[in-house]
Amino acid sequence: MKRIYVNEKWCLGCHLCEYECAFANSGLTDMVRALKGKTIHPNIRVEDGDDIHFAVNCRHCKDAPCLKGCISGALSRGEDGVVRIDKDKCVGCYTCILLCPYGAVLPGPDGHAAQKCQLCTDNLCGYPNCVKHCPNNAIVYEER
Amino acid sequence: MNYVIIGNSAAGIAAAEAIRRADAAGKITVVSDEPYHTYGRPLISYYLLGATDRQRMLYRPADFYEKLGIGTRFGVRAERVDPAKKKVFLRGGKSLSYDKLLVATGSRPFVPPAEGLDGVQNKFTFMTLDDALALEKALTPASRVLIVGAGLIGLKCYEGIAERAGSVAIVDMADRVLSSVLDAEGAAVVQRRLESRGARFYLSDCVEKYEDGVARLRGGGEIGFDILVLAVGVRPNVELVKEAGGAVGRGIVTDAHRKTSLPDVYAAGDCCESTDALTGRQAVLAILPNACAQGECAGKNMAGVPAETADAFPLNAVGFFGLHVLTAGCRDGESYTERDGETYRKLFYADGRLRGFILVGCPERAGIYTSLIREKTKLSDVDFELLKKQPLLRAFSREARAGKLAQEV
């Protein structure tokens, strides 16, 4: 299946992917209205070091630890291979956060449910918005 | 092939799914003494809290059994296994034949005897949906509740009922809350949060005697109550295997394939013992991720797909009124501590490897720590000084990171 991969040496550390992710998942079509003056809670996060930058989001692992730990059945894998979270079922125990080796399942802003990348299959984009807008091809969406 | 699974929670469901993936035609029957579609057992406290409901508690979608072609015998208890005849005998006289059997019977509350306990009318345990529904029925805004046990079950019960009861007192023999997963300092943070919501703790104490609506404590105090919740501990349900002559230690004994000592009988989940990867000791690691992994492994082997489970270690994620407590591994060796108000981070390490951690109020990316324990990563191979402050992938080498982020995992 196609997944998001990170080419670390090309990452500029611009954090645009974070804004594009937050916009894609805002449910709005106007970026200014979606983001201006708001604290964003993207599903992709950039780590910055002295001279390294790279983005991290869900790896959609073949044998995903988060799926095995979910106490509510909120996490599931679709027939397309995408690991998804049903925020309505999630009670926010954060077992998935305890289990994800990549730190890619995140506490939701309200504290009541976890959140994660669903490859923009759950929003209006239909194609990973972080990939689409990465200015240096540091994030790609492909089969490997 | 004819598969019978006794138990309808995490281990049993994971096994049923694994069997169906490997064997499209085999007959699968799930037996449970609970009359319900599979539900998330640990969600019962969230149900009382109002954070979920009966529909959203379903561990798998409503059409799960139908879609996977799984037969169900719910509300009927499996009473005996005859491994020679390959039969499971059910309460009421019926029986089920099997080619491969999975025992995933979980655990039950342990209720230590106490003087006067038999005479207590409104007493409950807190493991199942029926327990939660019964407790809910008895609760009134004026109820004075006494919870015996300040472990995960007792405290989650408290969170669930805190706003629905008049007062809640919690008694535990240990000198701190969550004594199985927290050290004294981490426990104190959690206790303060619970006390701020009105919980009254009686620690290093126990009920010596129950009298008419009063619990008399060993330490001399007394607590008036209308409702008693017993959350002292659990015991694995090993009897089906034990009485059939199978090996049982602290829990049902299995090999790495989850096979018991009985022919064609497998066991998985909280009813089993397993090897603690950190201590090397046999222990009942009654946690959901373990149950799920073991169930999946058993299911594969039952269906003829060779599989083994890796040794596990304790992992717990629990929250109280928004304060998240994530712990893993053991609490020995050297330690590093950071504290700031309600945030408490403690890492335990020995022989150059991470052995365990306690995170109170700082759950973010905790799984990066967990993976260091699981992979037995040498701390000399990562920037441990950086990791002490925060779990970051930046602390790994470029090559290690590429293995995580630049290839299929």
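The values are calculated or read from the model by the stated rules, or taken from the named source; none is laboratory data. Since the structure is predicted, the reported quantities are computational estimates derived from the model, not experimental observations. All Cβ positions, glycine included, derive from the backbone under ideal geometry; neighbour counts span all protein chains shown.
In segment A:1-65, counting only strands (runs of 3 or more DSSP E) that sit wholly within it, the ones holding 2 or more residues that are within 11 Å of chain B (Cβ to nearest Cβ) and in contact (Cβ under 8 Å) with a residue 40 or more places away in the chain span A:3-6, A:53-56. If only residues of segment A:90-102 that are closer than 20 Å to A:GLU47 by Cα and in a loop (DSSP other than H, G, I, E, B) are counted, the one that is farthest from the other protein chains (Cβ to nearest Cβ) is A:TYR102. Residue selection: B:ALA350 fails the criterion of being closer than 30 Å to B:THR254 by Cα, under 29 Å from the mean Cα position of the chain (by Cα), more than 9 Å from chain A (Cβ to nearest Cβ) and in contact (Cβ under 8 Å) with a residue 24 or more places away in the chain. In segment A:71-89, how many residues are of a type in the set (Ser, Thr, Tyr) and more than 8 Å from chain B (Cβ to nearest Cβ)? Here the count works out to 1.
For segment B:358-381, name all the residues that are part of a loop (DSSP other than H, G, I, E, B) and more than 9 Å from every other protein chain (Cβ to nearest Cβ).
At the first step, the residues of segment B:358-381 found to be part of a loop (DSSP other than H, G, I, E, B) are B:361-365, B:375-377.
If the condition is that a residue be part of a loop (DSSP other than H, G, I, E, B) and more than 9 Å from every other protein chain (Cβ to nearest Cβ), then B:GLY361, B:CYS362, B:LYS376, B:THR377 are the ones that fit.
If we keep just the residues of segment B:27-83 that are of a type in the set (Phe, Trp, Tyr) and within 13 Å of another protein chain (Cβ to nearest Cβ), which is farthest from B:LYS94 (Cα to Cα)?
First, pick out the residues of segment B:27-83 that are of a type in the set (Phe, Trp, Tyr): B:36, B:39, B:46-47, B:59, B:64-65, B:74.
Keeping just the survivors that are within 13 Å of another protein chain (Cβ to nearest Cβ) gives B:39, B:46-47, B:59, B:64.
Numbers: B:TYR39: 26, B:TYR46: 36, B:TYR47: 34, B:TYR59: 28, B:PHE64: 25 Å.
My answer is B:TYR46.
Contact map, segment B:52-80: first residue not assigned by TED's automatic domain parsing to the domain that holds B:ILE28, second residue exposed (fewer than 15 other Cβ atoms within 10 Å of the Cβ), Cβ cut-off under 8 Å, separation 6 or more or different chains; the map is empty.
Residue pairs whose Cβ atoms lie under 6 Å apart, separated by 6 or more positions or on different chains, with the first residue in segment B:383-406 and more than 7 Å from chain A (Cβ to nearest Cβ) and the second surrounded by 14 or more Cβ atoms within 10 Å (Cβ to Cβ) and among the charged types (D, E, K, R), are B:ALA395/B:ASP383. Test B:GLY352 against the criterion of being touching a Gly at 6+ places or on another chain (Cβ under 9 Å) and surrounded by fewer than 17 Cβ atoms within 10 Å (Cβ to Cβ), and give yes or no. No; evaluated as a whole, the condition is false for this residue. The residues in segment A:103-143 that are acidic (Asp, Glu), within 11 Å of chain B (Cβ to nearest Cβ) and part of a loop (DSSP other than H, G, I, E, B) can be counted, and the count is 2.
Listed by first and then second residue, the pairs with beta-carbon distance under 9 Å, at least 6 apart or on different chains, first residue in segment B:308-328 and more than 10 Å from chain A (Cβ to nearest Cβ), second among the polar types (S, T, N, Q) and assigned to a loop (DSSP other than H, G, I, E, B), are B:PHE313/B:THR279; B:PRO314/B:SER180.
Taking the condition in contact with a Lys or Arg (Cβ under 7 Å, 6 or more places away or on another chain), surrounded by 15 or more Cβ atoms within 10 Å (Cβ to Cβ) and either more than 14 Å from chain A (Cβ to nearest Cβ) or farther than 30 Å from B:LEU262 by Cα (or both), does B:PHE89 pass? Spelling it out, B:PHE89 is indeed in contact with a Lys or Arg (Cβ under 7 Å, 6 or more places away or on another chain), surrounded by 15 or more Cβ atoms within 10 Å (Cβ to Cβ) and either more than 14 Å from chain A (Cβ to nearest Cβ) or farther than 30 Å from B:LEU262 by Cα (or both).
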